[in-house]
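Input: a single structure, listed below in structure tokens.
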Amino acid sequence: VMLDSSFQGKVVTLEGIITTQCASNGCWFFLHDGSGQIFVDLATKGFSIPPKQGKKAKVTGVVSEWQSGVRIIAHGVEIG
């Protein structure tokens with residue numbers, strides 16, 4: 001995922017594979033698109049998804065700073 005802090009505050013849509021997911025309540029996951037992975041935060045907007053590790057997903061959300069990089073604060077997720 002080729003996003004950096006210059007995208008902060010912008011709405012983006014990304015597609016990839018869910019590689020790792022919060023095991024307890026599905027409130028976050030990592031999305032890998034072939035070029036890298038990014039943290040997707042679902043909890044900030046108050047939703048979660050059931051276990052979908054290994055599944056294709058399309059995520060729309062706002063880019064936000066997170067640790068030493070960026071994350072997506074998801075507004076919506078489609079599992080394909």
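In table form, for the structure just shown:
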read-out	value
Per-region count, the stretch 29-45, residues over 16 Å from THR13 (Cα atoms) and open to solvent by less than 70 Å² (accessible area, probe 1.4 Å)	1
Condition check for GLU15: of a type in the set (D, E, K, R) and surrounded by 13 or more Cβ atoms within 10 Å (Cβ to Cβ)	yes
Subset tally (residues that are within 19 Å of GLY26 (Cβ to Cβ) and either within 9 Å of the chain's Cα centre (by Cα) or in a strand (DSSP E or B) (or both)) for the stretch 56-80	16
Of the criteria (1) open to solvent by 30 Å² or more (accessible area, probe 1.4 Å); (2) part of a loop (DSSP other than H, G, I, E, B); (3) without any contact (Cβ under 8 Å) to a residue 60 or more places away in the chain, which one ILE49 fails	(1)
Selected residue (criterion: nearest to ALA74 (Cα to Cα)) from residues of the stretch 26-42 that are part of a loop (DSSP other than H, G, I, E, B) and not charged (D, E, K, R)	LEU42
Number of the exception - SER64 against (1) surrounded by 13 or more Cβ atoms within 10 Å (Cβ to Cβ); (2) polar (S, T, N, Q); (3) without any contact (Cβ under 8 Å) to a residue 40 or more places away in the chain	(3)
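So that you can scan it fast, the table gives a plain yes or no per residue for (1) touching a strand residue (DSSP E or B) at 6+ places or on another chain (Cβ under 8 Å); (2) touching a residue at least 12 places away in the same chain (Cβ under 8 Å); (3) outside any helix (DSSP H, G or I):
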| site | (1), (2), (3) |
| --- | --- |
| VAL12 | yes, yes, yes |
| GLU15 | yes, yes, yes |
| THR20 | yes, yes, yes |
| SER24 | no, no, yes |
| THR44 | yes, yes, no |
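The values are calculated or read from the model by the stated rules, or taken from the named source; none is laboratory data. The model shown is predicted, which means the values in this text are computed figures rather than measured ones. We place every Cβ from the backbone using ideal geometry, glycine too, and count neighbours over all the protein chains shown. Protein only, heavy atoms only, side chains kept; ligands, DNA and RNA dropped before computing areas. Shrake-Rupley method; radii C 1.70, N 1.55, O 1.52, S 1.80 Å.
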